[in-house]
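Q: I am attaching a structure below and will ask some questions about it afterwards.
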Amino acid sequence: MTQQVDNKMENKIINIGVIGAGGRMGRMLIEAVQDNPQTKLSAAIERQGSSLVGADAGEVAAVGLLNVKIVDDLTAVINDIDVLVDFSLPAATEQNMQICAEHKVAMVIGTTGFNEQQEQALAAASKKIAIVYAGNYSTGVNLSLKLLEMAAKAFGTDADVEIIEAHHKHKIDAPSGTAYMMAEAVAQARGQNLKDVVVYGREGQTGARETGTIGIHAIRGGEIVGDHTVMFIADGEVVEITHRARERMTFAAGAIRATTWIVQQEAGQYDMQDVLGLNK
């Protein structure tokens with residue numbers, strides 16, 4: 001995707017809205033907004049019926065009083081923000097995309113687990129507004145994707161590929177969005193359609209491993225923030241590319257970095273590699 005930079009935005013304070021402001025990720029996003037000198041929290045949204053509605057978002061996030069009350073209606077604050085950051089659930093994100101598209105508000109989306117209909121809604125919204133959509137906002141993960149692409153091109157299908165991911169016991173979706181991103185990077189580099197070659201878990205499998213397949217395995221337990229290992233298993237050697245996240249602030253800071261970039265872009269769908277300049 002070609003970048004379109006508006007120099008007028010470079011020194012502008014960007015007004016940010018955060019979906020799920022009272023959740024674990026929402027609180028970290030608010031902290032990351034406060035830590036970034038280019039951004040300001042201007043809206044905080046929670047689900048209807050939340051006990052946090054009416055509370056000060058800064059106090060909920062333990063960053064101090066911000067005089068931004070948590071609300072339960074995005075439309076009530078949509079005109080106060082330049083970018084909406086949404087790390088919520090697919091159905092909620094789909095609705096939020098429609099609202100943002102109607103009001104020409106850019107988005108940074110970290111929600112994973114979209115179905116085909118929601119992917120289509122994302123494509124439709126990105127024709128009207130600029131959207132960064134990524135399964136992972138870590139700089140290290142996105143660098144890893146480039147390394148995976150290089151390894152996949154070098155090995156081709158001469159190496160068997162297995163992806164192992166581990167996350168905390170509270171994570172809803174499996175495999176993780178990052179595991180899918182890594183699998184997709186390998187498949188594309190090998191000229192494959194991921195849907196045609198992916199294998200999950202291998203439960204009850206009989207017979208030899210089929211050449212060219214990509215295995216994905218998910219582990220859930222404790223408070224693991226996010227570990228991903230991709231193994232290229234060739235005859236006589238094994239190459240492993242591993243990324244381990246040690247704190248969630250890595251993802252939050254990356255997402256807020258993306259907000260400062262997306263306001264300078266034309267309508268379209270981008271990813272974190274675009275933000276980092278890795279797709280040039």
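The values are calculated or read from the model by the stated rules, or taken from the named source; none is laboratory data. Source: prediction; values computed, not measured. Because the Cβ atoms are built from the backbone with ideal geometry, glycine has one as well, and the counts that use them run over all protein chains shown.
Q: Condition first: outside any helix (DSSP H, G or I), surrounded by fewer than 20 Cβ atoms within 10 Å (Cβ to Cβ) and either at negative phi or touching a strand residue (DSSP E or B) at 6+ places or on another chain (Cβ under 7 Å) (or both). Now tell me which residues in region 53-66 satisfy that.
A: So the first thing to find is which residues in region 53-66 are outside any helix (DSSP H, G or I), and the list is 53-56, 61-66.
Narrowing the set further to residues that are surrounded by fewer than 20 Cβ atoms within 10 Å (Cβ to Cβ) leaves 53-56, 62-66.
Across region 53-66, the qualifying residues are Val53, Gly54, Ala55, Asp56, Val63, Leu65, Leu66.
Q: A follow-up question, please. Name the residues in region 190-214 that are under 20 Å from Met150 (Cβ atoms) and not aliphatic (A, V, I, L, M), would you?
A: Matches in region 190-214: Arg190, Gly191, Gln192, Gly212.
Q: Continuing with this model, one more query. Would you be able to say whether some residue in region 236-246 is out of contact with any Ser or Thr (no Cβ under 7 Å at 6 or more places or on another chain) and of a type in the set (Gly, Ala, Ser)?
A: yes
Q: Turning to a different aspect of this structure: I'd like to verify a number: residues in region 60-90 that are touching a helix residue (DSSP H, G or I) at 6+ places or on another chain (Cβ under 8 Å) and either among the β-branched types (Val, Ile, Thr) or within 24 Å of Glu119 (Cβ to Cβ) (or both), how many?
A: Of the residues in region 60-90, 14 are touching a helix residue (DSSP H, G or I) at 6+ places or on another chain (Cβ under 8 Å) and either among the β-branched types (Val, Ile, Thr) or within 24 Å of Glu119 (Cβ to Cβ) (or both).
Each row is one residue, and each column tells you yes or no for (1) touching a residue at least 40 places away in the same chain (Cβ under 8 Å); (2) surrounded by 20 or more Cβ atoms within 10 Å (Cβ to Cβ); (3) β-branched (Val, Ile, Thr).
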{"position": "Thr157", "(1), (2), (3)": "yes, no, yes"}
{"position": "Val161", "(1), (2), (3)": "yes, yes, yes"}
{"position": "Ile164", "(1), (2), (3)": "yes, no, yes"}
{"position": "Thr178", "(1), (2), (3)": "yes, yes, yes"}
{"position": "Met182", "(1), (2), (3)": "yes, yes, no"}
{"position": "Arg190", "(1), (2), (3)": "no, no, no"}
{"position": "Asn193", "(1), (2), (3)": "no, no, no"}
{"position": "Val197", "(1), (2), (3)": "no, no, yes"}
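Q: If we keep just the residues of region 99-150 that are among the aromatic types (Phe, Trp, Tyr) and assigned to a loop (DSSP other than H, G, I, E, B), which is farthest from Arg257 (Cα to Cα)?
A: Only one residue fits best here, namely Phe114.
Q: Spot the failing condition for Val238; the list is (1) of a type in the set (Val, Ile, Thr); (2) closer than 27 Å to Ala91 by Cβ; (3) touching a Phe, Trp or Tyr at 6+ places or on another chain (Cβ under 8 Å), and only one is missed.
A: (2)
Q: Please work out which one of (1) modelled with pLDDT of 95 or more; (2) over 15 Å from the mean Cα position of the chain (by Cα); (3) surrounded by fewer than 23 Cβ atoms within 10 Å (Cβ to Cβ) is the condition Cys100 fails and give its number.
A: Every condition holds for Cys100 apart from (3).
Q: Further, regarding this structure: What strands (runs of 3 or more DSSP E) lie completely within region 152-255 and have 1 or more residues being closer than 30 Å to Val33 by Cβ and touching an Asp or Glu at 6+ places or on another chain (Cβ under 9 Å)?
A: Of the strands (runs of 3 or more DSSP E) lying wholly inside region 152-255, those with at least 1 residues that are closer than 30 Å to Val33 by Cβ and touching an Asp or Glu at 6+ places or on another chain (Cβ under 9 Å) span 160-167, 226-234, 237-245.
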